[in-house]
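Accompanying notes for the structure given below.
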Amino acid sequence: MDFELNDDERSLQEGIRSFLTGRCTIDVVRSNEETGGALDRALWQELGAVGVFSLRADGFGMTESVLAFEELGRSLVAGPLVASHLAATRMPAAANGSRIVGLIEPSEPVNIAEHLASLDDLVVVRPEGLFVVNPAEVVGVHAERPLDALTPITAVSHLPQGELIADAATAHIWHRDGMVLTAALQLGLCLASIDLAKQYAMQREQFGRPIGSFQAVKHLLADMLTKAEVTRAAVYAAAVNIDGRGDSTDLMQTARMAKMLAGDSALFCGKAGIQVHGGMGFTWEVDAQRYWKRACVLDTHFGNSDEHAAAFSAAL
Amino acid sequence: MDLQFTDAENSFRLKLRDWLSSVIPQLPHEPHRNDWIGRREYDSMWQRMLFDAGFAGINWPREYGGLGATPTEHLIFLEETERARAPYVGQNFVGLLHAGPTLITEASAEQKAFHLPAILKGEHIWCQGFSEPGAGSDLASLSCRAIRDGDDYVINGQKIWTSFGHTADYCEMLVRTDTDVPKHRGITWLIVPMGLPGMDVRPLRTLEGSTEFCEVFFDEVRVPVANRVGDENDGWRVAMVTLSFERGTAFVSEMLQSMELARDLAQLAKRITRNGVTAWDDAGLRRDIGRICAELDALWALTKRNISQAQRTGLVGPGGNVFKLAYAELRTRLGELAMHLLDRASLSIDDIGDLPTHAHVHGRIHALSLGIAAGTSQVQRNIVAERILGLPKER
């Protein structure tokens, strides 16, 4: 048993991080807000070239994929990353980023699609199978003020049935793998929230000293890190289980564990990050809000943490 | 990354499992929880059985009679003994996991030759005299005084939280030998035989009513200088060496118990009825149990990460503090949920009304100690914030 990153895993993760810190700086992310969150096709193709969509199509496992997705989450990269990654094994154009593939799991009471205007293909994940829909044929109302400015949404009033491309078993696996990949994005959000809050706490002075020297602030940051590290263990465990190198064969249950932990932790770290920033945390110009908003978006993907807690109990 | 055991690890597991299945059914009944003399005999018997079978000192180096097992093998040992419902380390805890490893690293050849085999065989029980009424989180401020007088140290003062102080043979003890230097530099580590003239051991009842803790009072107690481990005034370093023996396995048995207890709670909820419906019919309760069970599974994964890190580097690192913080909180939530579920049955610490009340209420009470013992959660948070995140010290 060695539940630590090996050298190959570490260098793969560092490679993705180094690409993202150079290419997807927070300024790039912010500037995307001015275009209403429309996805940058050039960036999408670069992400494809780096391999974030094709990792598993290229023979890597879920383990490497969550390491990459942790970095995508940390850099706040927006768009249907998980969908394009899941689609890559059956749609080569998704693998290299030349087509942007999104997905939707029909939701109630409102059926919400994301990034609809930027998509080339939309995969509808239904219990009975996967269906491909032309996004242009989806009818709905575009929300003027999405909670996350980088995740434009549409309230769908008509979703075509689409063309069946895979059976119920595959849809089930997409849902399961989607949970784990999303959990990795949420883990990255936690880590980015902590980094930002830590920097601020060390630099911001009140009462004549850095606020990070006060135990009240320290303990909040310690709680953020604690939640992030427990989440990391959960996400990595779910991933190695899927790769057949784990300690459980109940892959759905460990995927739920990861998604539940990651959902709760990302929301906690997001709000605590805002709190550490005080008044400035409530402003648009400080990025703390961006991590919290993305955490709100991702919690709704593939079932929120409450749903997974309930589903987890059903197997007890 | 992987979570799978190697062939060698699996064969170690099978060998241990075979042995456990042959000896466990023959064990006598466990003594009553407050029968400390009886428990000492029981724990010593079990330690002797482990020794005779070649499983004693799982984490001790081979040259000192231990098994020299890896952290992963230690995990397997704890998994298998828990699975077999084997006795716990009990009163051998301090000797095997604290004083013994310290002696291995710091003691003289003569001290090692005398003490180590006796600990391994369960012949000597050790206790710990570190904390004092005035030195808890700030341990280095301890004031129990030892003054050199010829070939002896003369000790005056008080120690507290001394588990098994009334049954132990030896005490690993920190004393103040210099009051004129910064607090960390005037401390000495001593081997103190229990029962010396001038020592008074008094039980300290916990809030649960049990008496494993003692207070130990010292009035002109003479301990030979030959019982010192390490140099005079170098005791803080000697004591800190012990901390480096933790391999991420400290809470393995407890974690396994908690995971089982949480799942038992789900089954209990399915048969407890109130107003004509089972507790399990409450979606909120199901969600709470699901959340706690999933979080326990995640902490189990973190345990394996910490053990893997120890296997690679010899140290658990920050994951240990993170684990303890998260576990203390989660164990509390599990206990609180169980008490809500049991409702008025939770007012008994022992089983009542055919319900497994003891496990849940005792567990809830135990959780109160988790956020206090071995570094309070507040101190743990300071450590995480300062040593991992690099935030500035308050002073």
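The values are calculated or read from the model by the stated rules, or taken from the named source; none is laboratory data. Everything quoted here is computed from the prediction, not taken from an experiment. Ideal geometry is used to build each Cβ from the backbone, glycine not excepted, and the neighbour counts take in all protein chains shown.
Checking each residue in segment A:183-225 for being more than 21 Å from A:LYS293 (Cα to Cα) and β-branched (Val, Ile, Thr) picks out A:ILE211, A:VAL217. Could you please find all residues in segment B:378-391 being within 9 Å of chain A (Cβ to nearest Cβ) and of a type outside the set (A, V, I, L, M)? Within segment B:378-391, B:GLN378, B:GLN380, B:ARG381, B:ASN382, B:GLU386, B:GLY390 meet the criteria. The residue that is surrounded by the most Cβ atoms within 10 Å (Cβ to Cβ), among those in segment A:258-316 that are among the charged types (D, E, K, R) and touching a residue at least 40 places away in the same chain (Cβ under 8 Å), is A:LYS259. What do you reckon, is A:ALA255 under 17 Å from B:ARG381 (Cβ atoms) and in a helix (DSSP H, G or I)? No.
Checking segment B:49-68 against the condition returns no match, with no residue being at pLDDT 95 or above, within 14 Å of chain A (Cβ to nearest Cβ), in a loop (DSSP other than H, G, I, E, B) and more than 19 Å from B:ALA84 (Cα to Cα).
Quick one: is B:ALA367 within 24 Å of B:GLU260 (Cα to Cα) and within 13 Å of another protein chain (Cβ to nearest Cβ)? No: the conditions fail for B:ALA367. When every residue of segment A:300-307 is checked against the conditions, none turns out to be part of a helix (DSSP H, G or I), away from chain B (no Cβ under 11 Å) and hydrophobic (A, V, I, L, M, F, W, C). Residue under question is A:GLY79, and the condition is that it be in contact with an Asp or Glu (Cβ under 9 Å, 6 or more places away or on another chain) and at positive phi; does it hold? Here the answer is yes, as A:GLY79 does meet what is asked. Within the set B:LEU14, B:LEU67, B:LEU3, the sole residue that is without any contact (Cβ under 8 Å) to a residue 24 or more places away in the chain and buried (at least 19 other Cβ atoms within 10 Å of the Cβ) turns out to be B:LEU67. B:GLY319 passes every criterion in (1) free of Cβ contacts under 8 Å to residues at least 24 places away in the same chain; (2) closer than 21 Å to B:ILE388 by Cα apart from (1). The one condition from (1) free of Cβ contacts under 8 Å to residues at least 12 places away in the same chain; (2) within 23 Å of B:GLY320 (Cβ to Cβ); (3) touching a helix residue (DSSP H, G or I) at 6+ places or on another chain (Cβ under 7 Å) that B:ARG237 does not meet is (3).
Of all residues assigned to segment B:315-328, at least one qualifies as being among the small types (Gly, Ala, Ser) and under 15 Å from the mean Cα position of the chain (by Cα).
Here A:GLY273 fulfils each of the conditions (1) assigned to a helix (DSSP H, G or I); (2) within 12 Å of chain B (Cβ to nearest Cβ) apart from (2). Within segment A:247-257, the set of residues being at the interface with another protein chain (Cβ under 8 Å from one of its Cβ atoms) and buried (at least 24 other Cβ atoms within 10 Å of the Cβ) comprises A:THR254, A:ARG256, A:MET257. In the set (1) in contact (Cβ under 8 Å) with a residue 24 or more places away in the chain; (2) farther than 30 Å from A:GLU307 by Cβ; (3) surrounded by fewer than 17 Cβ atoms within 10 Å (Cβ to Cβ), the condition left unmet by A:GLU205 is number (1).
Summed over segment A:124-149, the residues that are in contact (Cβ under 8 Å) with a residue 40 or more places away in the chain and of a type in the set (A, V, I, L, M) give a count of 4.
Within segment B:311-329, the set of residues being more than 9 Å from every other protein chain (Cβ to nearest Cβ) and modelled with pLDDT of 95 or more comprises B:LYS324, B:TYR327, B:ALA328.
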